[in-house]
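Worksheet for the structure shown next.
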Ligand SMILES: Nc1ncnc2c1ncn2[C@@H]1O[C@H](COP(=O)(O)OP(=O)(O)O)[C@@H](O)[C@H]1O
Ligand SMILES: [Mg+2]
């Protein structure tokens, strides 16, 4: 496929149904290195399912998925276990609800997978985890357990945890939708910082101002299809499709 070679991730003609309900209907999406893509659209449009397919939490019924040169699925059939394991090393995922291990310290949450999954030396993993936590504004919270942190702090810790695995791309699924406005702002700030460093990211968000500001490209999804996509400014300010216009009007109201 033409778009596959240079892309960090490439999805071609993806289809996914739950029972008789098609949720992804021929979705193609490729992300270039350093690109920040915001995915917007109404609830139930398939955004989370798209991320779950990209992160191998759900399987496509049809279509192809590759990470760089690594062919994960084609025509809906998936590669061997070791291919999937390699693919899982390429991405990080940050959910709405943080998903930190409640009984681990913040530090251990961040350094555990690099040590256990990637076999990195403990000292090195710890030093990096501390640096990432500091970068996320969490210096001094290393020895706390997640419930001692605010929601915004927990979300920033989960971003540090994702970054600790050195992903080529980080996916965010509505990272601030469980947070009040003040905590939302601190999380959006750290994501903006990552965008400024050219971290490759796909961010499902209902924060329209944030999408406009941080994304290179905006994808509007509704009813399991990409209705419209393009440069953030064009999609957000001069949408071509009436469905996009209606959605954006409603978000402003
Ligand atoms: N595991 C599942 N089983 C059955 N239906 C599902 C499942 N996950 C999502 N759906 C359905 O798929 C559609 C898209 O959901 P989702 O991807 O969560 O949309 P969004 O994230 O855009 O709100 C919805 O109609 C939802 O009910
Ligand atoms: Mg969702």
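Each reported figure results from applying straightforward, stated rules to the coordinates on display, with no laboratory input. Computed from a predicted model, the values in this text were never measured in an experiment. Reconstructed Cβ throughout: ideal geometry from the backbone, glycine too, with neighbour counts over all protein chains shown.
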Exercise for review: Kindly establish whether residue 214 is within 16 Å of ligand 2 (Cβ to nearest atom) and surrounded by 15 or more Cβ atoms within 10 Å (Cβ to Cβ).
Suggested key: no
Review point. Looking only at segment 170-191, which residues are in contact with a helix residue (DSSP H, G or I) (Cβ under 6 Å, 6 or more places away or on another chain) and over 20 Å from residue 51 (Cβ atoms)?
Key: 183, 186
**Study point:** Every residue from segment 38-51 that is within 11 Å of residue 172 (Cα to Cα) and near ligand 2 (Cβ under 10 Å from one of its atoms)
**Key:** 39, 47, 48, 51
Review point. Under 24 Å from residue 204 (Cα atoms) and crowded, with 21+ Cβ neighbours inside 10 Å, is that true of residue 92?
Key: yes
Review point. Do the conditions hold for residue 7, that is, is it assigned to a strand (DSSP E or B), surrounded by 17 or more Cβ atoms within 10 Å (Cβ to Cβ) and away from ligand 2 (no atom under 15 Å from the Cβ)?
Key: no
**Study point:** Tally of residues being within 12 Å of ligand 1 (Cβ to nearest atom), touching a strand residue (DSSP E or B) at 6+ places or on another chain (Cβ under 8 Å) and not in a loop (DSSP other than H, G, I, E, B) across segment 30-53
**Key:** 8
